[in-house]
Amino acid sequence: MSNRPSGSNPASAAAELHVITDTVERQRERVAAVAEPFLGTDREDVVATVVEAERQLLIATRALRRAIKSLER
């Protein structure tokens, strides 16, 4: 499931998840930017699909943050 095992060390796993979360967040921002030029054009199909992908990445980011909080308890 992971390329880098963190073992049973919660601090190591949390650190790894922080990095992944930051990466997913940056990619979410990039995905959102792709839709902008199509806003208000006849390509609302592209906007809708990209916005949905952005939403799913936001959901993933939130889930990762919850996992980090769980590990930090």
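Derivation of every value follows stated rules applied to the coordinates shown; laboratory data play no part. Predicted model only: the values in this text are computed from it and were never measured. Cβ placement follows ideal geometry from the backbone for every residue including glycine, while neighbour counts extend to all protein chains displayed.
Are there any pairs with C-beta distances below 9 angstrom linking a residue in the stretch 18-39 that is over 21 Å from residue 67 (Cβ atoms) to a residue that is among the polar types (S, T, N, Q) and part of a helix (DSSP H, G or I), with the two at least 6 apart or on different chains, and if so which?
Taking only residues 6 or more apart or on different chains, the pairs are 35/49.
Does any residue in the stretch 62-73 that is more than 8 Å from residue 17 (Cβ to Cβ) come within less than 7 Å, Cβ to Cβ, of a residue that is surrounded by 12 or more Cβ atoms within 10 Å (Cβ to Cβ) and of a type in the set (S, T, N, Q) six or more places away or on a different chain, and which pairs are these?
Taking only residues 6 or more apart or on different chains, the pairs are 65/21.
Select from the stretch 19-33 the residues that are out of contact with any Asp or Glu (no Cβ under 6 Å at 6 or more places or on another chain) and either of a type in the set (Ser, Thr, Tyr) or surrounded by 14 or more Cβ atoms within 10 Å (Cβ to Cβ) (or both) and list them in ascending order.
Of everything in the stretch 19-33, those that are out of contact with any Asp or Glu (no Cβ under 6 Å at 6 or more places or on another chain) and either of a type in the set (Ser, Thr, Tyr) or surrounded by 14 or more Cβ atoms within 10 Å (Cβ to Cβ) (or both) turn out to be 20, 21, 23, 24, 25, 27.
Hey, among 41, 61, which residue is among the hydroxyl-bearing types (Ser, Thr, Tyr) and surrounded by fewer than 14 Cβ atoms within 10 Å (Cβ to Cβ)? Spell out how you get there, then give the answer.
Working: 61 fails: surrounded by fewer than 14 Cβ atoms within 10 Å (Cβ to Cβ).
Of the residues listed, the single one that is among the hydroxyl-bearing types (Ser, Thr, Tyr) and surrounded by fewer than 14 Cβ atoms within 10 Å (Cβ to Cβ) is 41.
Could you tell me whether the stretch 42-51 includes any residue that is within 19 Å of the chain's Cα centre (by Cα) and not hydrophobic (A, V, I, L, M, F, W, C)?
yes
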